[in-house]
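Working notes, beginning with the structure itself.
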Amino acid sequence: MSKYNNGPMIKLDSIPRNEIDKALDEFSEGSEGLRFCLSIMWSNGLKTAACCSGHESSFQEAYILMDDNVDIYSYLSDELLTSDMVSISLNKDNNQAIHFVGTRKDKEHFFFTLAKDIATGKKQNANLVRNKIGRPINQEWLVHGFVYSMLRDNLQKVGPIKRIKLATLCKQLNEGSMEQQRRVIGDCYKELASVQTESKGFWK
């Protein structure tokens, strides 16, 4: 059972020094990139409040939410601040957060890039940060994520042959790059449209 990654936010100061490695393992959810990034942040005095590796699917956002009054934005490189697969935001308490989407490989790359950005120090990036705050994640990726969710939701509502088709499309969306997703998105729409017929008992 997880001791630290079990729902309520855990303050870094409340974690005993001899359990830091355990906490990193649990918070990172199997992501080497997130684990390394958190360790770099913590060793540089940048306290975090919450995080997620986005491990459930390519369409689950990965994010790191910073603790009160912690500035992470000034460390961000042009690569992160100009990518439409990255967003930055402020919560209701003005805590800074950074979000990533993409395949597992993409998210790992972003976490390692963020760690490198911290290691290389603060940047002259005020204008880029100002323009980035509140800008949405790539809209096409979000649409593909919605289609992926629809496919998954319908897996148990169709017959066995169509279920295999939907599962295959789910896999292709989840594991594919944007270009690979574009090649199958038309088939996804066709299969979702046909589910209406399938759900009425016309098994194919």
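Before moving on, here are some points about what is shown:
- GNM result for the chain, Cα springs below 10 Å: residue of Leu114, Leu81, Leu192 fluctuating most strongly: Leu192
- Of Lys92/Lys116; Lys92/Lys157; Lys22/Lys165; Lys132/Lys165, pairs whose Cα-Cα distance is over 30 Å: Lys92/Lys157; Lys22/Lys165; Lys132/Lys165
- Rounded to the nearest 20, the Cβ-based charge dipole of the chain about its Cα centre (Lys and Arg +1, Asp and Glu -1) stands at 680 debye.
- Positive-end ranking of Gln96, Gly176, Leu128 along the dipole of the range 57-198, with charges on Cβ about the Cα centre, is headed by Gly176.
- Local net charge near Thr120, Cβ-Cβ under 13 Å (Lys/Arg +1, Asp/Glu -1): 0
- Residue-by-residue Karplus 3J(HN,Hα) for the range 51-66, coefficients 6.51, -1.76, 1.60, Hz, glycine and proline x: 7, 8, 7, x, 7, 6, 6, 5, 9, 8, 5, 8, 7, 9, 9, 7
- Our estimate of slack between Ser39 and Glu61, defined as 0.36 nm per intervening residue step minus the Cα-Cα distance, is 5.9 nm.
- The Kirkwood hydrodynamic radius of the chain, based on inverse pair distances between different Cα atoms, is 18.7 Å.
- Restricting the trypsin sites (Lys or Arg not before Pro) of the range 49-105 to loop positions (DSSP other than H, G, I, E, B) with no more than 10 neighbouring Cβ atoms within 10 Å leaves Lys92.
- Farthest positive-ward along the chain dipole, Cα basis, beta-carbon charges - from Leu142, Leu114, Leu65: Leu142
- Taking N as its residue count, the alpha carbon Rg of the range 139-199 over 2.2 N^0.38 Å: 1.03
- Estimated from helical segments only, the mean residue ellipticity of the chain at 222 nm is -15500 deg cm²/dmol, where each DSSP H run of four or more residues counts as -39500 (n - 2.57).
- Length released on extending from Leu155 to Ala193, taking residue separation times 0.36 nm less the Cα-Cα span: 12.3 nm
- Label-reachable residues, the range 30-71, where backbone N falls under 11 Å from a point 7 Å from Val129's Cα toward its Cβ: 70-71
- Size of electric dipole in the range 12-132: Cβ of Lys, Arg +1 and of Asp, Glu -1, about Cα centre, debye, nearest 20: 340 debye
- Computed extension length for Leu12-Asp71: 19.6 nm, one decimal, from 0.36 nm per residue of separation with the Cα-Cα distance subtracted.
- Under 13 Å, Cβ to Cβ, from Asn69 - net charge with Lys/Arg +1 and Asp/Glu -1: -3
- Max mean-square fluctuation residue, GNM over the chain, Cα-Cα springs under 10 Å, options Ala193, Ala50, Ala115: Ala193
Rule-based calculations on the coordinates, nothing more; no lab input. Please read all numbers here as calculations on a predicted model, not as lab measurements. Note: ideal-geometry Cβ built from the backbone for every residue, glycine included; neighbour counts use all protein chains shown.
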